[in-house]
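A.B. asks: One structure, pasted below without further comment.
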Amino acid sequence: MKNRVVITGLGVCAPNGTGISSFSKAMDEGASGIHFFEELKNLNFSCQVAGKPNIKEINLNNYFSKVQLKDLNSSGLVYGVISGLDAWKDAGLERQGQENQPDWESGIIFGTGILGVDKFRESIYKLDEGNVRRLGSTSVVQTMASGISAYLGGILGTGNQVTTNSSACTTGTEAILMGYERIKSGSAKRMLVGSCSDSGPYVWGGFDAMRILPRKFNDNPKAASRPMSASASGFVPGSGAGALVLESLESAVDRGAAIYAELLGGAVNSGGQRAGGSMTAPNNKAVQRCIQEAVKNSNIDVKAIDTINGHLTATTKDATEIQNWSKALGLSGSDFPLINSFKGHFGHCLAAAGSIESVGCVLQLKEQKVYGNLNCEDLHPEIERLIYAYNIPQKTIKKPVNIVAKASFGFGDVNSCIIFSTYSK
């Protein structure tokens, strides 16, 4: 049991479902969380559809104190706290009482890209009007990147490492691997890991200006996100948060915790923005090396991989990503594993993408099924030349699933890949 790392808790706040039960049902049924937003139309966005968690029915008093809720205006922080506390509770863990010492064996690595942008906007207006004294006492903690891990650490009373990472679209998967390494090294028994991303035009506007978002689906939002499709025309922006409780197997067994899956290993690297890599495009060799190193570090054979959850954002790079997977694994045609992208369900959730999608990967292992791909009925011809269409399921299928490979590739030419497995004694 020594130094094996398992997953004992899950939490999610996604555009197509908040809470594991709701999210799992939406993924199983292929329910979309992408909607038209009048606000984006009024602001002259070309892409007026997005994925945003619906938390109107969530009682935030179950997650925040009255003091914390006062002037709270940081959507990513709210999503992160909801998913993080839900994962902690799901793992059967308790919060440390105020009179107690911190839980020295538990820590948090919870990433974000940009946090509290709406709070920034609110504060800027007050400052420009000369009302600095009206900023309130929480403007700093709502806008500092590490505000999410600080909030969670204070609520739970964790005494091990509490920090925030930020690596664009790879943030969530990187956070999971950072937590894994801390447990693997014996530095912690439990780590709450995940990532979050703010909602709204001030986050999504830059991507709209880059003209990499779809423009022709404002009247048909559910069809807008089309990973691996010949008619894909850009990624749909999304937001939310995902969280996992990682735990040493020894600790999990000692306290009789339910185990979702095992984390076998993974890898992170960078293409250095060389050899075709840039701020926005990957160095293909680096992507392939990252996948190969993840497989090697997890001590598995490539043919043991049952399914892949790719980054696959519904851009022109989807075919290139499939080619990289094929070269890295040395598999093609009918030998290639089943592959899916969850971005058809809720868009590209930016810094939260890797963690939300990892929650989905773990649920596939728990439920022994592979979720279908939405809006991929017109498979890209370059992809179909590489792998069989059968390997890209259109609907959820029941199937024995033992090993799932999950990857994320982000702005700045950074990569990460994780290998999840069913747990066996």
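The values are calculated or read from the model by the stated rules, or taken from the named source; none is laboratory data. Just so you know, these numbers come straight off a predicted model, no measurement behind them. Because the Cβ atoms are built from the backbone with ideal geometry, glycine has one as well, and the counts that use them run over all protein chains shown. SASA here: full protein model, heavy atoms, side chains in, ligands and nucleic acids out. Shrake-Rupley method; radii C 1.70, N 1.55, O 1.52, S 1.80 Å.
A.B. asks: Tell me whether the stretch 406-421 contains one or more residues that are part of a loop (DSSP other than H, G, I, E, B), of a type outside the set (D, E, K, R), more than 19 Å from residue 227 (Cα to Cα) and touching a residue at least 40 places away in the same chain (Cβ under 8 Å).
C.D. replies: Quick first cut of the stretch 406-421, residues part of a loop (DSSP other than H, G, I, E, B) only: 411-413.
This time we only want the ones that are of a type outside the set (D, E, K, R), so: 411-412.
Checking which are more than 19 Å from residue 227 (Cα to Cα) leaves us with 412.
Adding the requirement that they be touching a residue at least 40 places away in the same chain (Cβ under 8 Å) leaves 412.
The answer is yes, given that some residue of the stretch 406-421 is part of a loop (DSSP other than H, G, I, E, B), of a type outside the set (D, E, K, R), more than 19 Å from residue 227 (Cα to Cα) and touching a residue at least 40 places away in the same chain (Cβ under 8 Å).
A.B. asks: Mind checking which residues of the stretch 330-350 are part of a helix (DSSP H, G or I) and either among the polar types (S, T, N, Q) or open to solvent by 10 Å² or more (accessible area, probe 1.4 Å) (or both)?
C.D. replies: Matches in the stretch 330-350: 350 only.
A.B. asks: Something else about it: Can you name the number of the only condition in (1) closer than 29 Å to residue 413 by Cβ; (2) modelled with pLDDT under 95; (3) of a type in the set (Asp, Glu) that residue 122 fails?
C.D. replies: Going through (1) closer than 29 Å to residue 413 by Cβ; (2) modelled with pLDDT under 95; (3) of a type in the set (Asp, Glu) one by one, residue 122 breaks only (1).
A.B. asks: Could you tell me whether the stretch 238-257 includes any residue that is crowded, with 22+ Cβ neighbours inside 10 Å, modelled with pLDDT of 95 or more and over 20 Å from residue 87 (Cα atoms)?
C.D. replies: Pass one, the stretch 238-257, residues crowded, with 22+ Cβ neighbours inside 10 Å: 238-248, 252.
Then keep just the ones that are modelled with pLDDT of 95 or more; that gives 238-248, 252.
Subset that is over 20 Å from residue 87 (Cα atoms): 238.
Yes, that holds for at least one residue.
A.B. asks: How about the stretch 73-103: which of its residues are of a type in the set (Asp, Glu), open to solvent by less than 50 Å² (accessible area, probe 1.4 Å) and in a helix (DSSP H, G or I)? Working first, answer last.
C.D. replies: Applying the first criterion (of a type in the set (Asp, Glu)) to the stretch 73-103 yields 86, 90, 94, 99, 103.
Next, from what is left, pick out any that are open to solvent by less than 50 Å² (accessible area, probe 1.4 Å): 86, 103.
The answer is 86, and nothing else.
A.B. asks: Among the residues of the stretch 31-68 satisfying the criterion of being among the aliphatic types (A, V, I, L, M), in a helix (DSSP H, G or I) and modelled with pLDDT of 95 or more, which is least open to solvent (accessible area, probe 1.4 Å)? Talk me through it step by step, then tell me what you get.
C.D. replies: We begin by selecting, within the stretch 31-68, every residue among the aliphatic types (A, V, I, L, M); these are 31, 34, 40, 43, 49-50, 55, 58, 60, 67.
Checking which are in a helix (DSSP H, G or I) leaves us with 40, 60, 67.
Cutting the leftovers down to modelled with pLDDT of 95 or more gives us 40, 60.
Details: 40: 3, 60: 46 Å².
In this case the residue turns out to be 40.
A.B. asks: Further, regarding this structure: Mind telling me which of the residues 106, 146, 166 ends up being in contact (Cβ under 8 Å) with a residue 60 or more places away in the chain, open to solvent by 10 Å² or more (accessible area, probe 1.4 Å) and within 30 Å of residue 294 (Cβ to Cβ)? Don't jump to the end; show me each part of the working.
C.D. replies: Numbers: 106 fails: open to solvent by 10 Å² or more (accessible area, probe 1.4 Å); 146 fails: in contact (Cβ under 8 Å) with a residue 60 or more places away in the chain.
That would be 166, the only listed residue that is in contact (Cβ under 8 Å) with a residue 60 or more places away in the chain, open to solvent by 10 Å² or more (accessible area, probe 1.4 Å) and within 30 Å of residue 294 (Cβ to Cβ).
A.B. asks: Answer with yes or no whether residue 323 is assigned to a helix (DSSP H, G or I) and within 29 Å of residue 3 (Cα to Cα).
C.D. replies: Values: assigned to a helix (DSSP H, G or I): yes; within 29 Å of residue 3 (Cα to Cα): no.
For residue 323, the condition - assigned to a helix (DSSP H, G or I) and within 29 Å of residue 3 (Cα to Cα) - is not met.
A.B. asks: Quick one: which helices (runs of 4 or more DSSP H) lie wholly within the stretch 191-303 and hold at least 3 residues that are in contact with a strand residue (DSSP E or B) (Cβ under 6 Å, 6 or more places away or on another chain)?
C.D. replies: On the way: elements: 201-209, 249-254, 284-297.
In the stretch 191-303, the matching helices (runs of 4 or more DSSP H) lie at 284-297.
A.B. asks: Touching a Pro at 6+ places or on another chain (Cβ under 6 Å), buried (at least 24 other Cβ atoms within 10 Å of the Cβ) and farther than 23 Å from residue 423 by Cβ - does that describe any residue in the stretch 309-317?
C.D. replies: Taking the stretch 309-317 as the starting set, the residues that turn out to be touching a Pro at 6+ places or on another chain (Cβ under 6 Å) are 312, 314.
Pick out the ones that are also buried (at least 24 other Cβ atoms within 10 Å of the Cβ) and you get 312, 314.
Of the ones still in play, those that are also farther than 23 Å from residue 423 by Cβ are 312, 314.
Yes, the stretch 309-317 has at least one match.
A.B. asks: Let me ask you something else. Report, ordered by the first and then the second residue, all pairs with beta carbons closer than 8 Å, sequence separation of six or more or different chains, a first member in the stretch 304-317 that is over 13 Å from residue 357 (Cα atoms) and assigned to a helix (DSSP H, G or I), and a second member that is open to solvent by 10 Å² or more (accessible area, probe 1.4 Å) and among the hydroxyl-bearing types (Ser, Thr, Tyr).
C.D. replies: Correct list of pairs: empty, since none qualify.
A.B. asks: Here is a follow-up. Wholly within the stretch 109-159, which helices (runs of 4 or more DSSP H) include no fewer than the required count, namely at least 2 residues that are among the β-branched types (Val, Ile, Thr) and under 15 Å from residue 75 (Cα atoms)? Full working, then the answer.
C.D. replies: Values: elements: 117-128, 139-143, 147-156.
Output list reads 139-143.
A.B. asks: Look at the stretch 79-102 and say how many of its residues are in contact with a strand residue (DSSP E or B) (Cβ under 8 Å, 6 or more places away or on another chain) and among the acidic types (Asp, Glu).
C.D. replies: 2
A.B. asks: Next up: Would you confirm, using the coordinates I've provided, whether residue 421 is at pLDDT 95 or above and buried (at least 24 other Cβ atoms within 10 Å of the Cβ)?
C.D. replies: Answer is no for this residue.
A.B. asks: Determine the pairs where a residue that is over 26 Å from residue 230 (Cβ atoms) and of a type in the set (D, E, K, R), located within the stretch 364-375, has a partner that is open to solvent by 10 Å² or more (accessible area, probe 1.4 Å) and modelled with pLDDT of 95 or more with Cβ atoms under 6 Å apart, the partner being 6 or more residues away or on another chain.
C.D. replies: 366/260; 369/396; 369/398
A.B. asks: With the checklist (1) at positive phi; (2) in contact with a Ser or Thr (Cβ under 9 Å, 6 or more places away or on another chain) in hand, flag the one item residue 175 doesn't pass.
C.D. replies: Against the list (1) at positive phi; (2) in contact with a Ser or Thr (Cβ under 9 Å, 6 or more places away or on another chain), residue 175 comes up short only on (1).
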